[in-house]
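I have placed the structure first, in the form of structure tokens, so that the comments after it can refer back to it.
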Amino acid sequence: MRTRSFRRSLALVAALALVLTACGGDETADTTAGPAEGGGDTEKITVFLIPSPNATAITALADDFTAETGIEVEISETPYGEAHQKQILAFQSGNGQYDVVQFDNTFLANYGANGFLEPLQDRIGSSDIYDINDFSPAIQDYGDYKDDTLGLILSTEPFLLWYRTDIYEELGLSVPETWDDYLANARAIQESGMADGQILGYSTPVNAWWWYQLVWSFGGDLYDDDLNPTVNTPEAKAATEFYVETLEASSDGAISIGGDDTTNQFISAETGQMIQYSGYHPLVVDPETSSFADVIATARVPKGSADVVHMAGWNIGIPADSTNKDAAWQFLEYVMGKPNAKRFLEEGAAAPGRISTTTDSGLLAETPYLELLNIPAEVRVERYPQLTVYPEFEKTVGDILANILSGQTSIDDGLAEMQEKLTDVLAAEPR
């Protein structure tokens, strides 16, 4: 997304480089075969990366891949704000400019609908090196669009509950299991005067991300199978009422906070709890970037009538016009496969959520939050809406939520307006 800087923040890159130093010896994939067969220059592949912890790790592994296979790897990096447009122009040219591309999951539907990416399910299904079963069934489809798998899981970033252990202990609070518990804790903290009760993201358009989580948790949805919006429902109204109530247990000016600023407030000001993506973990627990690093813990996001978690993260795949698809897949097996999973984390990557890492006792001793990335099968994982019109969808939701949160419009009127406007937005989505 336009402001998804939590996956490209320089501070986060630096923090992530310090994570998982307790890992044992590296395991290296057996990819000693020579250059792959197939059209094009099979001695070299071009890999498009977006500056991020994941890109740093991939680059670190590239030289070893070349040493083992003889396939040269040319790395091309473009900042997030320009990256996807640049990718689209390359795909439209059909010149095979790139062989591997890193992309935000919010672009998966656009790329899939336009046939920009190579389906990978056959390669995945026959690859012991990649080992799709090393991922929880709840997230195995994170790179799927309709009937095809178009991207590997490059990072797993669910919403988590973050809380101040010192404040909880002082006030005798328990880790909230439900949203009602979460709000009760927030109010107790606020009333104590020790700190602000909580922080979510409230500014437009990123306020939509937190609102999605609440709508799903409260038993609602954003649209039905026929792409009719379903945001003017009792469930969505209850979620919105709850969202507005959380402002009462937040800092002055919280309504203008969103994205990175949500985390920045939690790690720099007295705030009791927060809902934020797991990708921020190294930043939150690093004493060089967080004022409260030693008193912050994490837990699963609270439950409503449904047990749902909102998932963000990166994908990585092979363009349909690549002339070096076999070599590109060999590279992906090497950097994203199970044998190099620990090293991928050691090199600073945001965790892809492999079971072999989220259950590793050595890793968990150093970084306990990894266990939360092993999402149980009974928990429903929801991605950002898989829509080619997603940018318009998000902006519509965010703008109307901003008016509701500020009191410029009532919840009933705002949701009715959202329903009407999203009907027009979704009418443009390919069926």
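The values are calculated or read from the model by the stated rules, or taken from the named source; none is laboratory data. Since the structure is predicted, the reported quantities are computational estimates derived from the model, not experimental observations. Quick reminder, even Gly has a Cβ in these numbers, built from the backbone with ideal geometry, and neighbours come from all protein chains shown.
Name the helices (runs of 4 or more DSSP H) wholly within region 127-223 that hold at least 2 residues that are within 24 Å of ALA297 (Cα to Cα) and touching a Gly at 6+ places or on another chain (Cβ under 6 Å)? Result: 179-192, 207-217. The residue that is nearest to TYR277 (Cα to Cα), counting only those in region 229-261 that are in a helix (DSSP H, G or I) and of a type in the set (D, E, K, R), is ASP260.
Close Cβ contacts (under 8 Å, 6 or more residues apart or on different chains) running from residues in region 174-190 that are surrounded by fewer than 16 Cβ atoms within 10 Å (Cβ to Cβ) to residues that are of a type in the set (Phe, Trp, Tyr) comprise SER174/TYR168. For region 40-66, name all the residues that are farther than 28 Å from GLU157 by Cβ and modelled with pLDDT of 95 or more. Within region 40-66, LYS44, THR66 qualify. Suppose the filter is at pLDDT 95 or above, acidic (Asp, Glu) and more than 30 Å from PRO430 (Cβ to Cβ); does GLU241 pass it? Yes: the conditions hold for GLU241. For the condition among the aliphatic types (A, V, I, L, M), within 19 Å of the chain's Cα centre (by Cα) and in the same structural domain as PRO234 (by TED's automatic domain parsing), VAL175 does not qualify.
Conditions (1) buried (at least 19 other Cβ atoms within 10 Å of the Cβ); (2) without any contact (Cβ under 8 Å) to a residue 24 or more places away in the chain; (3) within 21 Å of the chain's Cα centre (by Cα), marked per residue:
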{"position": "LEU200", "(1), (2), (3)": "yes, no, yes"}
{"position": "VAL215", "(1), (2), (3)": "yes, no, yes"}
{"position": "GLY219", "(1), (2), (3)": "no, no, no"}
{"position": "ALA249", "(1), (2), (3)": "yes, no, no"}
{"position": "TYR280", "(1), (2), (3)": "yes, no, yes"}
{"position": "ASP307", "(1), (2), (3)": "no, no, yes"}
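The number of residues in region 313-371 being acidic (Asp, Glu) and buried (at least 23 other Cβ atoms within 10 Å of the Cβ) comes to 1. Would it be correct to say that ALA312 is of a type in the set (A, V, I, L, M), modelled with pLDDT under 95, in contact with a strand residue (DSSP E or B) (Cβ under 8 Å, 6 or more places away or on another chain) and within 29 Å of ASP252 (Cα to Cα)? Judged against the criteria, ALA312 is a match.
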